[in-house]
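Asks: Dumping the structure here so I can ask a few things about it.
Each value in this text was obtained by applying a stated rule to the coordinates, not by laboratory testing. Nothing here was measured: the structure is a model prediction, and the numbers come from that model. Quick reminder, even Gly has a Cβ in these numbers, built from the backbone with ideal geometry, and neighbours come from all protein chains shown.
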Amino acid sequence: MWKDKFGSTWGSTPTRTNIDGGNVKSITILLTTLFVLSACAGGKSCASSAPKTLPDAIVLNNYAEPPTLDPALATDETSMIIIHQLFEGLTEYDPKTVMPIPAVATRWEVSSDGLTYTFYLRDHTTWSDGSPVTAADFEYSWKRTLNPATASGSAYLLYFIRNAEEYNNGTLADASTVGVRAVSPTTLEVTLKDPAPFFPQLTSHSVCRPVHRATVEQWGDQWTRPEHMISNGPYRFTSWVPQKEIVMEKNPNYWDKETVKIAKAIFLPTNDQETALKQQLEGKVHVSHNLPVSKLTELAKRPDLHNVAHFANYYYMFNTQKKPFDDARVRRAFSLAIDREQLVKTLNRGDIPATAFIPPVEGYAPPAVEMFNPQKAKELLKEAGYADLSTFPPVTVLYNTNDLHRTVSEILQGMWKQHLGIQVSLQNQEWKVVIDSWKVGNFELTRSGWFGDYFDPHAFLAINTTNSQQNHMKWSNPQFDDFVNVQSQKELDPAQRMAILKQAEEILLSDMPVIPLFYYGRPILVDPRLKGFYPNAGELHPLKFAWFEENK
């Protein structure tokens, strides 16, 4: 997930651990010393002035306008956060561990060879208009995502399903050959091409959440407008005022409506961090991740600030088809000129300096790679023909509008000037515009980030394969593709599988189409009256489990 998924993404993170037998280890640092801070926001105190009465609506800062609310099209965090409240999948994220728990499906079975999953749906789940949710809705929705005409940026997440990739890339025209079949109204059978022990995790992902067929077919691209949308989640869409707010209310036809305690959810597209903090401290917002770096030392003394280690990374992408970054030596030089320890220390957010591309994950030992060596960086530039830097082409760093991204780009700009003698320019664009720039290759070097869609190294390597829709670097390495897409998928021995993935990451870090910078340690302010909302390694929060209550 583009944790960029990260509309502002930071977009989705330092340490997230993998699953083994269904358990997730996440690091959560709860800071418990109460302190009234001065000079926190605009010269005002950091003490919160939250209203005394309990709210009937939860208000969250969502960084930016979501590019889409279509589960098939969403690739970024700003969209997925909202989609997760409006639509429900076969499984849902556990609010604490983010492991899959029953949702539309009450249970599931897997065959002994690990290839066939059978999901059993609840008898009485309905859409927000009262019509039944059936296994056929899931079959339609998943095949719609895979349909080449849909142009889904997340379709690759379904490639674990038999014939899904072939149908999506057009080599198979018959959708009935895809391994998704509604056996009955309440039974869905899914056949994989290779074992994928993390598959039930994927069924919670937004791309696997169903859409209402009649609505999509009637309204086309307009089906996600609030006056048209029919959804099956705990909330239903009521209004969207661009650049102001997205509002949803409790869905009276939701099968588990008694669990839903908060009547309304409001998402604000606030990308200015000082404004976001001010809203939080004034009690106008109940959850904020988008906090100003300059205030984190002071905010760390607050009991309502939590710092969570995430399974996500922050990195830069090269356009490998544009000079000077069509040369791997130049790409490696730019990476070796970055002091990641100093970068993280300057940001002061609790992030972890990247030692590889994949964040720490249980059972996986990343390759040992040199990450900072200015002298070697200069030598590589000379080897690439740039002993005379006057011949070095102009380079512009593209980032989406956000204080963190601006700060990171300015720090790197200084390091490249100091260690390489190269001056780069900086350019910021709104999130939607940046995505368009990526798609058409209108950049030389740009920031990005990735939030693992499942707790496995494969989640980070797959986005760099040749045909990945997230491979905006236009980088291709056949051996890397083989390790990630073939050998690791066929290998049943867990240790051998991890060894294959390590070989793939070695190739990635040698050719360096991306520059790993740090793993997210994401600070989050949560109104202390908000219960059932747990900072977690996935930054995934089903609001159906949340409620407000006075602190005792």
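Asks: Measuring from a point 7 Å past the Cα of THR391 along Cα-to-C-beta, which residues in region 397-438 have an amide N at less than 18 Å?
Replies: 421-423
Asks: List the lysines whose Cα sits under 22 Å from the Cα of LYS323, skipping any in the same chain fewer than 8 residues away.
Replies: LYS376, LYS378, LYS382, LYS417, LYS439, LYS474
Asks: Under a Cβ-only charge scheme (Lys and Arg +1, Asp and Glu -1), can you give me the dipole magnitude of the chain about the Cα centre, in debye to the nearest 20?
Replies: 1200
Asks: Still on this structure: Checking the cross-link filter: which lysines have an alpha carbon closer than 16 Å to that of LYS490, excluding same-chain neighbours under 8 positions apart?
Replies: LYS193, LYS502
Asks: With charges set only on the Cβ (+1 for Lys and Arg, -1 for Asp and Glu), what does the dipole of region 261-342 come to about its Cα centre, in debye to the nearest 20?
Replies: Using Cβ point charges on Lys, Arg, Asp and Glu, region 261-342 gives about 200 debye.
Asks: I would also like to ask the following. Want the number for THR177 to SER425: 0.36 nm per residue separation, take away the alpha-carbon distance, what's left?
Replies: Gain on stretching THR177 to SER425: 84.3 nm.
Asks: Taking N as the number of residues in the chain, what is its alpha-carbon radius of gyration divided by 2.2 N^0.38 Å?
Replies: So the chain has a normalised radius of gyration of 0.95.
Asks: Another question, then. Please compute the length gained on full extension between ALA368 and GLU298, using 0.36 nm multiplied by the number of residues separating them and subtracting their Cα-Cα distance.
Replies: Extra length available between ALA368 and GLU298 comes to 21.6 nm.
Asks: A further question on this structure: Say the dipole of the chain comes from +1 at the beta carbon of Lys and Arg and -1 at that of Asp and Glu; which of PHE548, ASN485, PHE138 then lies farthest toward its positive end?
Replies: Most positive-ward Cα: PHE548.
Asks: If each DSSP helix of 4+ residues adds -39,500 (n - 2.57) and the sum is divided by the residues in the chain, what number results at 222 nm, nearest 500 deg cm²/dmol?
Replies: When only DSSP H runs of four or more count, the value is -7000 deg cm²/dmol.
Asks: Determine, for LYS490, LYS552, LYS96, the number of other Cβ atoms within 10 Å of each Cβ, and report the residues in order from fewest to most.
Replies: Least to most surrounded, the residues fall as LYS552, LYS490, LYS96.
Asks: What is the packing order of peptides 483-489, 329-335, 119-125, taking the mean over residues of other C-beta atoms within 10 Å and listing the highest first?
Replies: Ranked by mean Cβ neighbours within 10 Å, highest first: 329-335, 483-489, 119-125.
Asks: Grab region 212-318 and count how many Lys pairs have their alpha-carbon atoms under 15 Å apart, sequence gap of 8 or more, or different chains.
Replies: So the count of such lysine pairs works out to 5.
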